[in-house]
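Read-outs throughout are calculated quantities, based only on the coordinates presented, and are distinct from any laboratory measurement. Here the structure is a predicted model, which is why all the values come from computation and not from measurement. Cβ coordinates were reconstructed from backbone atoms using ideal geometry, including for glycine residues, and neighbour counts include every protein chain displayed.
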Amino acid sequence: MKDDETEVLAEEAYQRALDYELEFGCCPQCVLASVQEVIGYVSDETIKASHGLSGGGGLAGEGACGALSGGLLALSCKSGRDRDKLDKGRGIGNFEDARDLAERFKKEFGGITCKELQEQFTGRTYDFWDAAEYQAFDDARGLKCAEATAKVTRWVVEKMRS
């Protein structure tokens, strides 16, 4: 059960992520920046490193949705295995949290990859490297990507505070 403070923080993170995605794009960075600003854990280097994960990785659409990738990175910033422990254990608790996030995401949005979400949100997929295609996607998606980014951010803050 969420406490009142967690609910307030989760809502603040949701709104920041929504606003950032609508203004700046790059869903993994929006998730991570919002988590950083609201509860911490995430470094500027992690936000920078997530940039290439947008659009399913390099805007290719084939990999995980950038919002999900950002959420997984945020969880790992708190609970992932440290560099000096690569040879010691597997960090099963973090894997469980990551699996739970991925499963919740898939259930909510009908897929995991950027292309699956494009299909769910607009009825087709797009080539983000073609300017006209990207514009068509931007027009067709409306608020859906921003809302997905915001929901992931809320879920991550709730999980990280539990």
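Data table
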{"read-out": "Residue count for the range 45-65, restricted to those that are within 13 Å of Trp129 (Cβ to Cβ) and among the acidic types (Asp, Glu)", "value": "1"}
{"read-out": "Residue match in the range 48-63 (condition: in a helix (DSSP H, G or I), of a type in the set (Gly, Ala, Ser) and touching a residue at least 60 places away in the same chain (Cβ under 8 Å))", "value": "yes"}
{"read-out": "Top-ranked residue in the range 1-33 [being part of a helix (DSSP H, G or I) and among the small types (Gly, Ala, Ser); ranked as surrounded by the most Cβ atoms within 10 Å (Cβ to Cβ)]", "value": "Ala17"}
{"read-out": "Matching option when the condition is surrounded by 19 or more Cβ atoms within 10 Å (Cβ to Cβ), in contact (Cβ under 8 Å) with a residue 24 or more places away in the chain and either β-branched (Val, Ile, Thr) or assigned to a loop (DSSP other than H, G, I, E, B) (or both), among Thr125, Thr153", "value": "Thr153"}
{"read-out": "Count of residues meeting criterion [at positive phi, touching a Gly at 6+ places or on another chain (Cβ under 8 Å) and small (Gly, Ala, Ser)] in the range 26-63", "value": "5"}
